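Visitor: Please read through the structure below; I'll follow up with questions.
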Amino acid sequence: MSTATIDLYTDATPNGLKISIALEELGLQYNVHKGLNDGANTSPEFTAMNPNQKIPLLKDGEVVVSESGAILYYLAEKSGTLLPKDLLKHTKVIEMLMLQMSGLGPNFGQLLVWGGAWNNEHPVATQRYAQEVNRLFNVLNTLLEGHEYFAGDEYSIADIAFFPWVRMAFVHPIGEMLELAAGKSTKHANLIAWYERIGQREAVQRGLLVPEPHEPEKMFKAFVSSTVGLGELHNA
């Protein structure tokens, strides 16, 4: 496995923050490149590494990995931590990672589009995604019953994957649409306790600062361009 310094192409999005948190947890040396800044993710250099033109992207020597879940898995395997060796425990971590990748991430992302970027112009669509995110928060709360972490009693890449997305309910205005928002929830004690527990980790706190976010207006423009389907990335 390569021992070269890692290059991380990222930005201050939930998927990007997963990787900076993981790298901080693992204590690995890495260089940071803002992937959405001034269209960097559509440059010929970036496109050659990832034709999908999305961040995050990890370059470790000759190894290039895209998709945040795959990057988390690569880093866990590379380091031999954050992923249990026992088959059943290992499988549980992957199960939870898949739930984040296929469930909470896409649905929360769509809520941000319909409720935020498109200013709730179609409330029926917005409500559909708000209901699904609320349902998934209920599922996550149930999964944490009697456990400190999403794969049992061992902190793993599953927790890292979920944390930046759950955090959005607390730090983004869209969270006011959700039951988990501060002051609204009376039935998510397990999930809130987990969120507070993970948020107290020093590596998580460091990872949330990598990279420094753009000013809100510029970050929103980059989000629209790369995610919503109204910008340069979707003109091809």
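Visitor: Within the range 76-97, is even one residue open to solvent by less than 30 Å² (accessible area, probe 1.4 Å), modelled with pLDDT of 95 or more and within 17 Å of Leu8 (Cα to Cα)?
Guide: yes
Visitor: Could you say which residue among Glu132, Glu121 is of a type outside the set (A, V, I, L, M, F, W, C), without any contact (Cβ under 8 Å) to a residue 24 or more places away in the chain and at negative phi?
Guide: Exactly one of Glu132, Glu121 is of a type outside the set (A, V, I, L, M, F, W, C), without any contact (Cβ under 8 Å) to a residue 24 or more places away in the chain and at negative phi, namely Glu121.
Visitor: Of the residues that make up the range 144-165, is at least one modelled with pLDDT of 95 or more, open to solvent by 40 Å² or more (accessible area, probe 1.4 Å) and part of a helix (DSSP H, G or I)?
Guide: no
Visitor: Continuing with the same structure: Identify the single condition in (1) surrounded by 15 or more Cβ atoms within 10 Å (Cβ to Cβ); (2) among the β-branched types (Val, Ile, Thr); (3) farther than 24 Å from Gly175 by Cα; (4) touching a residue at least 40 places away in the same chain (Cβ under 8 Å) that Val63 does not satisfy, given that it satisfies every other one.
Guide: All conditions are met except number (1).
Visitor: Then there's this: Of everything in the range 14-33, what is in contact with a Pro (Cβ under 8 Å, 6 or more places away or on another chain) and surrounded by fewer than 20 Cβ atoms within 10 Å (Cβ to Cβ)? Give them in sequence order.
Guide: Matches in the range 14-33: Val32 only.
Visitor: Out of the residues in the range 118-128 that are assigned to a helix (DSSP H, G or I) and more than 10 Å from Ile174 (Cβ to Cβ), which is least open to solvent (accessible area, probe 1.4 Å)?
Guide: My answer is Ala125.
Visitor: Filter the range 110-165 down to the residues that are of a type in the set (Asp, Glu) and under 19 Å from Ala76 (Cβ atoms) and list them by number.
Guide: Once the filter is applied, which keeps residues that are of a type in the set (Asp, Glu) and under 19 Å from Ala76 (Cβ atoms), the range 110-165 yields Glu148, Asp153, Glu154, Asp159.
The values are calculated or read from the model by the stated rules, or taken from the named source; none is laboratory data. Note that the structure is a prediction, hence the values are computed from the model and not measured. Quick reminder, even Gly has a Cβ in these numbers, built from the backbone with ideal geometry, and neighbours come from all protein chains shown. Accessible surface areas use protein heavy atoms only, side chains included; no ligands, DNA or RNA. Shrake-Rupley method; radii C 1.70, N 1.55, O 1.52, S 1.80 Å.
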